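Taking it in order: structure first as structure tokens, then the write-up.
The values are calculated or read from the model by the stated rules, or taken from the named source; none is laboratory data. Every value quoted in this text rests on a predicted model; they were computed, and no experiment measured them. Glycine also receives a Cβ, built like all others from the backbone with ideal geometry; neighbour counts cover every protein chain displayed.
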Amino acid sequence: MAKPYASVIIRLLQSHALYTDDHPYWDLLQKHERAVRAHFEDIGVEVELNANQGYARLVQPERGPDDEDAPLKLLRRIPLNYEQSLLCVVLREWLEEHESSPTAGSLRLFVTRADVRERVELFFQQQPNQKAQLSRLDELIGKLESHGFLKTTRRDDLQPDQTQYEVKPLLKAKISLSKLEEFRLRLQAYVESV
Amino acid sequence: MPTYPDYQAFFHPERGAASLRVLRARNAALILCFLQQSFKAETYNPVISHAVLLAQLTDFLQDWNITGEEGDVAALSAAPEEKAAKFLRDWVQQGYLTLYTDDQGEDQHCLTPALESVLDWVTSQLTKRSFVGTESRFLDILQKLRELVRESQNDWEARVAELETQRADLDRQIRELKLTRTVQPFEDYQVKERFEAVNALARSLLKDFREVEGNFRHITQQIYQEQTTRPHTKGSLLTLALDALDELRQTDQGRSFDAFYQHLNDPRQKAELDELIRQVFDLLQARDIAPGDAQLLRKIKSHLLGEGQKVNTAFQLLARKLEKIVAEKNLQDRRQSLALMRDIRGLAFEVMDRPPPPTEVFLELDGRAEYCATAAEVSLKPRQETITARELRLAAPEDAPDLTALVNRRVIDKSVLIGQIQALLLQQSQVSLQQVVQTFGLRYGLTELLAYGSIAAASAKHLIRDEQKVLFDLGEGRACEFPELIFCR
């Protein structure tokens, strides 16, 4: 017999993260947190529940090089290139700013494509072909959306610049301080190599 | 009291309070008319979504044929909607309107306290009051002073004496009523006067909410700044978070608002308010008094609840934010990430003109589970990034031209040909192509000839005599002239 919390387990496996407004899964997780945790413990996966930021996700401890008994990797590794990483870092900074801003009307961070463009434009070389630059930005945004960091909340086909996205707090968890440090070192090495 | 420099700011259109700037603005008429109409005139709308306000302004601009600011050539040709969007942007920037995104991601506008004051002042200038009531307000002052003195007494004996005087007064009134059996109700002018006063009070209360909200934000910012600049140990952080919240609640404003909200949400007081409002309107109707601004009071409860709710939400939100900021594992994290970001920014600027290739992996993150299953809800929307493969149409054999002639179906093994040449060279020091073909035959025709040619060309030992052509029989009645080749040892 399937347990009453089976759907939560499946949902956690299928999605990037569960959020407080994912009804009824979030409530089910609250109710059966211990059982859900126990289920994943068997396969060495941890449920990270961050009530403060309002999300729950699966994490798998790093596997040591000589740790032969470690279970297979469940979570897919996603490689990010320079532009994708940089956009992630910029959005992460934005989340922090938003958290400490007393004027924001919501805990959630909503940004439009125009906002994103304004922020990242500084870092990317200007291309004479504006259209190409925009489509490259859209591509980047699409990539981050597929990783669950952004979510389109309002699509505006007439004014694509007004298309609105929500920046998920998951981004802050994924780009941890050590990841930020890693990126900095990587970039430093690149600067020295060219 | 404002100081003289505050008045001087009047001379600079860019400086000074928003309320002064709007009066000096070139399109003050448009701003005041439109915002009054949208937010306050017919029905009182504390919050209007961006989309609705934009549509209203677009209509307004068209109705009044407003082409934009004088001298602004670009504005002349712009579409009304674009102009409206630009106006709204400007007004937000100038501090006439607030813009925020609510929890659903919807953009919302409110009037700022400054603009609300201006609109109210303009209204008060334009509406002629039917009469100026002085009696009720004098009594109000008296009443409030009495309350102030009475309620702040520490001395219990004085309080008792006060209550006893009140009781004596009440007793006297009861005795008189029983004796005369008539009451002296308010005259019409008294009713009117009091109704106007209540209305004005309600209006100003609604206006003040906006200011309360703004002040909460200000206080939060102060607390936040103070705490990020001060160094903290890990242990003191929790107390700090609690203190910060307390501090926010314990400000005079926080306490007054809390108390107000409790009154408003007390079911008994809510019912009493409803009942009183109903009775007042019955009374007005019975006496045939047409109130100037009846709608406001009729809806006062829902307005108060709505506005109060909004301030309360803002308060809760700020409290949660504050909690989040100070309760975060440590403020050190925040500082560290700020420092890292600063470094990354600098490096990113450095590589701007020679960015890393897009194929290079810069970061590796854990994604979602590698778990293939059909999602419970299959999305009917086609995903943009997937490309559906089109079925390739195969050319039907009958309409394809026969191209086999172009393709060399037979592979000529050069080593075989070289072997044949060398076999002949064993007996003689040089041999012509003609002799090779006579001995071994020409099985593959022209191609084979060309292969012999390429063998000859590959080495300086052999000779190609272009001027001397030899005729070779290719079979099937065909023949071909080919330069004479001499292979040497």
Query raised in the report: Does the stretch B:24-32 contain at least one residue that is at pLDDT 85 or above and touching a strand residue (DSSP E or B) at 6+ places or on another chain (Cβ under 9 Å)?
Result: no
Requested in this report: Look through the stretch A:105-120, keep the residues that are in a strand (DSSP E or B) and hydrophobic (A, V, I, L, M, F, W, C), and return whichever of them is nearest to the other protein chains (Cβ to nearest Cβ).
Outcome: A:Phe110
Query raised in the report: Taking only pairs six or more apart or across chains, which ones have beta-carbon atoms under 9 Å, a first residue in the stretch A:4-22 that is under 21 Å from A:Val167 (Cβ atoms), and a second residue that is assigned to a loop (DSSP other than H, G, I, E, B) and polar (S, T, N, Q)?
Result: A:Asp22/A:Ser15
Report task. Would you please list the contacts, defined by Cβ atoms under 9 Å and residues six or more apart or on different chains, that run from a residue in the stretch B:18-47 that is under 18 Å from B:Glu211 (Cα atoms) to a residue that is basic (Lys, Arg)? Result -> B:Tyr44/B:Arg203; B:Tyr44/B:Lys299; B:Pro46/B:Arg210; B:Pro46/B:Lys310; B:Val47/B:Lys310
Query - Identity of the residue in the stretch B:311-328, in contact with a Lys or Arg (Cβ under 9 Å, 6 or more places away or on another chain), more than 9 Å from chain A (Cβ to nearest Cβ) and at pLDDT below 75, that ends up nearest to A:Ser100 (Cα to Cα) - result: B:Ala319
Query raised in the report: Hey, among A:Val167, A:Val120, which residue is under 27 Å from A:Gln60 (Cα atoms) and of a type in the set (A, V, I, L, M, F, W, C)?
Result: A:Val167
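Residue-wise test of (1) among the aliphatic types (A, V, I, L, M); (2) touching a strand residue (DSSP E or B) at 6+ places or on another chain (Cβ under 8 Å); (3) outside the structural domain of A:Leu144 (by the TED database).
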{"residue": "A:Leu28", "(1), (2), (3)": "yes, no, yes"}
{"residue": "A:His32", "(1), (2), (3)": "no, no, yes"}
{"residue": "A:His39", "(1), (2), (3)": "no, no, yes"}
{"residue": "A:Val47", "(1), (2), (3)": "yes, yes, yes"}
{"residue": "A:Asn50", "(1), (2), (3)": "no, yes, yes"}
{"residue": "A:Asp67", "(1), (2), (3)": "no, no, yes"}
{"residue": "A:Pro71", "(1), (2), (3)": "no, no, yes"}
{"residue": "A:Leu74", "(1), (2), (3)": "yes, yes, yes"}
Query raised in the report: If you check A:Leu80 against the conditions, is it closer than 20 Å to B:Ala369 by Cα, at pLDDT 85 or above and in contact with a Cys (Cβ under 8 Å, 6 or more places away or on another chain)?
Result: yes
Requested in this report: Tell me which of these A:Phe123 doesn't satisfy, since it passes every other one: (1) buried (at least 17 other Cβ atoms within 10 Å of the Cβ); (2) within 11 Å of chain B (Cβ to nearest Cβ); (3) at pLDDT 85 or above.
Outcome: (3)
Requested in this report: Check A:Ser100 against each of (1) of a type in the set (S, T, N, Q); (2) in the same structural domain as A:Glu139 (by the TED database); (3) at pLDDT 85 or above and name the one condition it does not meet.
Outcome: (3)
Requested in this report: For the stretch A:1-47, name all the residues that are farther than 20 Å from A:Leu170 by Cβ and among the aliphatic types (A, V, I, L, M).
Outcome: A:Met1, A:Ala2, A:Ala6, A:Ala35, A:Ala38, A:Ile43
Query raised in the report: Here are B:Ala168, B:Ala158: which of them is surrounded by 11 or more Cβ atoms within 10 Å (Cβ to Cβ) and not in a loop (DSSP other than H, G, I, E, B)?
Result: B:Ala158
**Report entry** Complete set of residues in the stretch B:350-360 that are surrounded by fewer than 16 Cβ atoms within 10 Å (Cβ to Cβ), farther than 19 Å from A:Arg76 by Cα and at the interface with chain A (Cβ under 7 Å from one of its Cβ atoms)
**Finding:** B:Glu350, B:Met352, B:Asp353, B:Arg354, B:Pro358
Report task. Would you mention how many residues in the stretch A:27-41 are in contact (Cβ under 8 Å) with a residue 12 or more places away in the chain and either surrounded by fewer than 18 Cβ atoms within 10 Å (Cβ to Cβ) or part of a helix (DSSP H, G or I) (or both)? Result -> 8
Report summary line: Matching residues in the stretch A:73-103 (outside any helix (DSSP H, G or I) and either closer than 30 Å to B:Pro357 by Cα or at the interface with chain B (Cβ under 7 Å from one of its Cβ atoms) (or both)) number 12
Query raised in the report: What helices (runs of 4 or more DSSP H), lying completely within the stretch B:70-148, carry at least 1 residues that are within 14 Å of chain A (Cβ to nearest Cβ) and modelled with pLDDT of 85 or more?
Result: B:80-94
Requested in this report: Please find, within the stretch A:152-175, the residue that is nearest to A:Val89 (Cα to Cα) out of those that are of a type in the set (Asp, Glu) and in contact with a strand residue (DSSP E or B) (Cβ under 7 Å, 6 or more places away or on another chain).
Outcome: A:Glu166
Report task. Taking B:Asp208 as the residue in question, decide whether it is modelled with pLDDT of 85 or more, part of a helix (DSSP H, G or I) and surrounded by fewer than 18 Cβ atoms within 10 Å (Cβ to Cβ). Result -> no
Query raised in the report: Can A:Val47 be described as touching a helix residue (DSSP H, G or I) at 6+ places or on another chain (Cβ under 8 Å) and part of a helix (DSSP H, G or I)?
Result: no
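Restricting attention to the stretch A:163-194, which residues are part of a loop (DSSP other than H, G, I, E, B), within 9 Å of chain B (Cβ to nearest Cβ) and free of Cβ contacts under 8 Å to residues at least 24 places away in the same chain?
A:Val194
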Query raised in the report: Cβ-Cβ below 7 Å, separation at least six or inter-chain, first residue in the stretch B:473-489 and closer than 18 Å to B:Leu426 by Cα and in contact (Cβ under 8 Å) with a residue 40 or more places away in the chain, second among the small types (Gly, Ala, Ser) and surrounded by fewer than 16 Cβ atoms within 10 Å (Cβ to Cβ): which pairs?
Result: B:Cys488/B:Ser429; B:Arg489/B:Ser429
Query raised in the report: Right, B:Leu363: at pLDDT 85 or above, within 7 Å of chain A (Cβ to nearest Cβ), crowded, with 17+ Cβ neighbours inside 10 Å and in contact with a Ser or Thr (Cβ under 6 Å, 6 or more places away or on another chain) or not?
Result: yes
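Restricted to the stretch A:1-24, and to residues that are among the hydroxyl-bearing types (Ser, Thr, Tyr) and closer than 20 Å to B:Gln104 by Cβ, which residue is modelled with the lowest pLDDT?
So, considering only residues that are among the hydroxyl-bearing types (Ser, Thr, Tyr) and closer than 20 Å to B:Gln104 by Cβ, the one modelled with the lowest pLDDT is A:Thr20.
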Query raised in the report: Does the stretch B:412-426 include one or more residues that are at pLDDT below 80, surrounded by 11 or more Cβ atoms within 10 Å (Cβ to Cβ) and touching a Phe, Trp or Tyr at 6+ places or on another chain (Cβ under 7 Å)?
Result: yes
Query raised in the report: Can A:Gly142 be described as within 13 Å of the chain's Cα centre (by Cα), without any contact (Cβ under 8 Å) to a residue 60 or more places away in the chain and at the interface with chain B (Cβ under 10 Å from one of its Cβ atoms)?
Result: yes
